[in-house]
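The values are calculated or read from the model by the stated rules, or taken from the named source; none is laboratory data. This one's a predicted model, so the numbers in the text were calculated from it and none came from an experiment. When we count neighbours, we look across all protein chains shown, and the Cβ atoms used for this are built from the backbone with ideal geometry, even at glycine. These accessible areas exclude ligands, DNA and RNA; they are computed on the full protein's heavy atoms, side chains included. Shrake-Rupley method; radii C 1.70, N 1.55, O 1.52, S 1.80 Å.
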Amino acid sequence: QYAIRAFADALDDIPLALAENAGLSPIEEVAAAKSKQLKEGSSVIGLGMDQSPDEDGMHSRNMKEAGVFEALIGKQEQVQLATQVVKMILKIDDVISMGQYQ
């Protein structure tokens, strides 16, 4: 359960970095987008950095209407690659740890 939570937190870093790089308050922008997702019951709400703020002063917008989408196969490949990288890092860490004890 800890690993799933850590993975979800890592995915949150992407919109936080986008908002920060756009010169906005990352926590407020992401919180507003998540709130709008829950209020509208829509999973396609994201951060629209290329638009002026909406009525609540935030930059959340419907990504489907903006023509922004990502295919499932792309996400599957990214998760698979990230998993492989983590496995390699853990193996390297194990090798270094064993070498220190000898």
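With K and R counted +1 and D and E -1, the other residues having a Cβ less than 13 Å from that of LEU81 yield a net charge of +1.
Taking square-rooted eigenvalues a ≥ b ≥ c of the alpha carbon gyration tensor, is segment 1-49 rounded, prolate or oblate, where a/c under 1.5 means rounded and, failing that, a/b exceeding b/c means prolate?
Oblate, since a/c reaches 1.5 and b/c is not below a/b.
Mind checking the dipole of the chain: about its Cα centre, +1 per Lys or Arg Cβ, -1 per Asp or Glu Cβ, Debye to the nearest 20?
Dipole magnitude for the chain comes out near 420 debye.
Here P(r) over Cα pairs in 5 Å bins from 0, in percent was calculated from the structure, and among (i) 3, 16, 28, 27, 18, 7, 2, 0; (ii) 2, 11, 15, 18, 16, 12, 9, 6, 5, 3, 2, 1, 0; (iii) 2, 12, 21, 24, 22, 12, 5, 1, 0 it sits at label (ii). By the scheme Lys and Arg +1, Asp and Glu -1, what is the net charge of all other residues having a beta-carbon under 13 Å from that of ALA6? It works out to a net charge of -2. Taking the protein heavy atoms of the chain in the context of the full set of protein chains, the accessible area attributed to carbon and sulfur is 60 percent at 1.4 Å.
Over the chain, what is the mean sequence separation of C-alpha contacts under 8 Å (at least six apart), divided by residue count, expressed as relative contact order in percent? Intermediate values should be presented prior to the final figure.
Details: 62 pairs, mean separation 15.2, N = 102.
So the answer I get is 15 percent.
Ranking ARG5, ARG61 from most to least accessible surface, computed with a 1.4 Å probe over the protein chains only, gives ARG5, ARG61.
Modelled spin-label separation between TYR2 and LEU90, with each label point placed 7 Å from Cα along the Cα-to-Cβ direction: 1.2 nm.
In the context of the full set of protein chains, residues of the chain present 80 Å² of accessible surface per residue (probe radius 1.4 Å, heavy atoms only). Is the shape of segment 21-70 best called rounded, prolate or oblate, per the rule: a/c under 1.5 gives rounded, else a/b larger than b/c gives prolate, else oblate, with a ≥ b ≥ c the square roots of the Cα gyration tensor eigenvalues? Oblate, because a/c is 1.5 or more while a/b does not exceed b/c.
Can you tell me how much longer the chain between LEU38 and LEU72 gets when fully stretched, taken as 0.36 nm per residue apart minus their C-alpha distance, in nm with one decimal? List each step's numbers first, then the result.
Numbers: separation 34, 0.36 × 34 = 12.24 nm, distance 2.21 nm.
Length gained between LEU38 and LEU72: 10.0 nm.
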